[in-house]
1. Out of (1) more than 24 Å from Thr121 (Cβ to Cβ); (2) within 10 Å of the ligand (Cβ to nearest atom), what's the single condition that is false for Phe211?
2. Filter segment 143-165 down to residues that are closer than 17 Å to His114 by Cβ and either within 16 Å of the ligand (Cβ to nearest atom) or not assigned by TED's automatic domain parsing to the domain that holds Leu269 (or both), then give me how many there are.
3. Yes or no: Lys247 within 16 Å of the ligand (Cβ to nearest atom), modelled with pLDDT of 85 or more and under 18 Å from the mean Cα position of the chain (by Cα)?
4. Inside segment 231-245, can you point out the residues that are within 12 Å of Thr3 (Cβ to Cβ) and among the small types (Gly, Ala, Ser)?
5. Condition first: in contact (Cβ under 8 Å) with a residue 40 or more places away in the chain and under 24 Å from Asn120 (Cβ atoms). Now tell me which residues in segment 63-80 satisfy that.
6. Report, ordered by the first and then the second residue, all pairs with beta carbons closer than 6 Å, sequence separation of six or more or different chains, a first member in segment 269-282 that is in contact (Cβ under 8 Å) with a residue 12 or more places away in the chain and over 20 Å from Ser245 (Cα atoms), and a second member that is outside any loop (DSSP other than H, G, I, E, B) and not basic (Lys, Arg).
7. For segment 42-50, check the following and say yes or no: at least one residue is surrounded by 23 or more Cβ atoms within 10 Å (Cβ to Cβ) and out of contact with any strand residue (DSSP E or B) (no Cβ under 6 Å at 6 or more places or on another chain).
8. Give, as residue ranges, the helices (runs of 4 or more DSSP H) completely inside segment 92-205 that count at least 2 residues that are at pLDDT 95 or above.
Amino acid sequence: MTTCELLAPAGNLEKLKIAIRYGADAVYFGGKEFSLRAKAGNLTLEEIEEAIVYCRDHGVKAYVTVNIFARNRDLMPVRRYLSLLSRLGPDAIIVSDPGILALSRNQAPNVPIHLSTQANTTNYLSALFWQEHGVKRINLARELGIEEIRHIRQKITAELEVFIHGALCISYSGRCMLSLYLTGRDANRGTCAHPCRYSYRLQEEKRPGEFFPVEEDGRGTYIFNSKDLCLIKRLRELVDAGVDSLKIEGRMKGIFYLATVVRAYRATLDALLDDDIYPSTLKKAERELSLISSRQYTENFFDHPPDDKDMLYNGPKVVQPYLPVAVVIKGGKRPQLRTNHVIRPHDELEYMDTDLSETTFSVTDIRDVKTGRRIEKALSGDMISVGCRPEIDFAPFSLIRKKNV
Ligand code: SF4
């Protein structure tokens, strides 16, 4: 194991367990309020308590996001919420608003504070400022390159966290009004409608209904559509630079993204300790990351500011060649699954193990968990048990996938 923490998103309790199964050292999640991902599912206070206990039992840290930019009317409810959170004892509260930082120190004095990337920390004096105001860890702005990260590391003692994978905002540190202007949904209050991914065309004032493409190809253009961040090849530099935590974006992303990304980065981080296996592990991890839906990958500001090669002008997304078909809810040789896609006897499926390996198996029979009856077809959302050839000892919260043909 490396000393650098791998920090994964957990949009709900099931995702939290999947992230832990695939090797996250820490997870972050939001409550139903005051977190910048209002549509992520998020956790009730009871679920937050359950999540923290589950994390403790698995030796994993639990961080709770309270990272909205608060308005005056939010302050009283946030104060109450922080005091309730404090009793549950998360390993940190993630904030971006200085007012909420002050409230956290007051209402939850024993809970460490992590600063969100939305606070836009781009230099060591800002980092020092936050450190002096009681911040234990700073998630640096995504607009920084590795040299600037190294420089900040030399100047401060607070922990540093850096985003290594996931969607990028075209706006500065996610401070963006585009969604509010175009759709009435405020990104700064967790309800972004992602209009930066829309296709745009130009309309001349006196020719209503006539739309001109901004790009020459005549299909319109996704002018704000950034490729996704992927720093899988740069982990050694980040570890050597003294970064404490490597963060994966995506509380709203699906379980296949989560399992694939966490296990790819886990394996590659661990392989940094063994030069013999590192090249082959990295190659496998890169292949794995190409199997999930993405907007293609960019290293963003890592070496130099991005340019047009780091944008995806001609379409919103790349389709994934694999589909998640089920999550293992109860492990063993005849596992119980919650399905995400149709499964039939004789289907050829792949069990995703933690070490970047997978085992192909054939479904021999399917039974409905509630009735115990044999069925010929399971639909998405069903709870089933399956027989498999060859026999595999399935672990809970693992994923099963199949080729997207
Ligand atoms: S519209 Fe795009 S750039 Fe703006 S906050 Fe939403 S995702 Fe980020």
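1. (2)
2. Total meeting the criteria: 1.
3. Numbers: within 16 Å of the ligand (Cβ to nearest atom): no; modelled with pLDDT of 85 or more: yes; under 18 Å from the mean Cα position of the chain (by Cα): yes.
No.
4. The answer is Gly242, Ser245.
5. Scanning segment 63-80 gives Tyr63, Thr65, Asn67, Ile68, Phe69, Asp74, Val78.
6. Taking only residues 6 or more apart or on different chains, the pairs are Thr281/Ala267; Thr281/Thr268; Thr281/Ala271.
7. There is no residue in segment 42-50 that is surrounded by 23 or more Cβ atoms within 10 Å (Cβ to Cβ) and out of contact with any strand residue (DSSP E or B) (no Cβ under 6 Å at 6 or more places or on another chain).
8. Details: elements: 98-107, 124-132, 146-155, 178-183.
Once the helices (runs of 4 or more DSSP H) in segment 92-205 are filtered for at least 2 residues that are at pLDDT 95 or above, what remains is 98-107, 124-132, 146-155.
The values are calculated or read from the model by the stated rules, or taken from the named source; none is laboratory data. Predicted model only: the values in this text are computed from it and were never measured. Note that we place each Cβ from the backbone using ideal geometry, even for glycine, and neighbour counts take in every protein chain shown.
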